[in-house]
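The values are calculated or read from the model by the stated rules, or taken from the named source; none is laboratory data. All values derive from a computational prediction rather than experimental measurement. Only protein heavy atoms, including side chains, enter the accessible area calculation; ligands, DNA and RNA are left aside. Shrake-Rupley method; radii C 1.70, N 1.55, O 1.52, S 1.80 Å.
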Amino acid sequence: MSFSIYLSGEIHTDWRDEIRRGAEAVGLDVTFTAPVTDHPASDAAGDHLSETGSQFWRDHQSAKVNAIRTRTLIEKSDLVVVRFGDQYKQWNAAFDAGYCAALGKPYVTLHGADIVHPLKEVDAGAQAWCTTTDQVVETLRYVLKG
């Protein structure tokens, strides 16, 4: 079985590469997609549209442009992995998880035990909660190979 997997969330660590390497090591037939992980580029996604004059409107404009990519890739995916990191609050990741829930799209969360409480509703809608990228890979291995 082949799967398309969207890797949502935290962009400051190499967790996506860890999952890619793990999936390759166990021979999974998967295609990974992701948001733009260059933070300055993501923040500037809408700058070509107009000069906004305020950070709020710049963020608003860029969020809409980024949403074109995010929504399209989530809708086309078979599964979404949503990573909540330690350093920043990823409200966009929570939004992506909610979007998956609204679409009926299966998703797996990836985060430490220290943020279980604030993510209880997000985790309740997930098909699995993982604390390591190895657990994500093992979940994918089981889903794809049985």
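Our note on the geometry: Cα centres of region 42-60 and region 75-146, 29 Å apart.
Taking θ as phi - 60° and the Karplus parameters 6.51, -1.76 and 1.60, the scalar couplings of region 76-87 work out to 7, 7, 8, 8, 10, 9, 10, 9, 10, x, 8, 7 Hz in sequence order, x denoting glycine and proline. Taking all protein chains together and rolling a 1.4 Å probe, Thr70 ends up with roughly 20 Å² accessible.
For the chain, what is the relative contact order in percent, using Cα pairs closer than 8 Å and at least 6 residues apart in sequence? Before the final figure, lay out each step's value.
Values: 204 pairs, mean separation 41.7, N = 146.
Relative contact order of the chain: 29 percent.
What angle, in degrees between 0 and 90 and rounded to the nearest 10, separates the Cα long axis of helix 133-145 from the longest principal axis of the Cα atoms of the chain? With rounding to tens, the tilt is 60 degrees.
As a fraction of the 1.4 Å probe accessible area of region 1-132, surface on carbon and sulfur atoms comes out at 55 percent. Going by the alpha-carbon gyration tensor, a ≥ b ≥ c the square roots of its eigenvalues, is region 78-146 rounded (a/c under 1.5) or, if a/c is not under 1.5, prolate (a/b greater than b/c) versus oblate? It comes out oblate by the Cα gyration axes.
Close amide-amide hydrogen proximity is noted between Tyr107 and Val80, Gln127, each under 5 Å apart and 5 or more residues distant or on a separate chain (H modeled in the peptide plane; Pro and chain starts excluded). Angle of helix 15-25 to the longest C-alpha principal axis of the chain, folded into 0 to 90 degrees and rounded to 10: 30°.
Note that region 1-133 presents 56 Å² accessible area per residue, ligands and nucleic acids not counted, probe 1.4 Å. Computed 3J(HN,Hα) for region 47-57, one whole-Hz value per residue from the Karplus formula 6.51 cos²θ - 1.76 cosθ + 1.60 where θ = phi - 60°, is 4, 6, 7, 5, 7, 8, x, 8, 5, 4, 6, glycine and proline marked x.
Remark: region 89-100, residue by residue, has Karplus-estimated 3J(HN,Hα) of 7, 9, 5, 4, 5, 4, 4, 4, 4, x, 5, 4 Hz, where x stands for each Gly or Pro and the curve is 6.51 cos²θ - 1.76 cosθ + 1.60 at θ = phi - 60°. The amide H of Phe32, built 1.01 Å from its N in the peptide plane, has Ile5 as neighbours under 5 Å, considering only residues 5 or more places off or on other chains.
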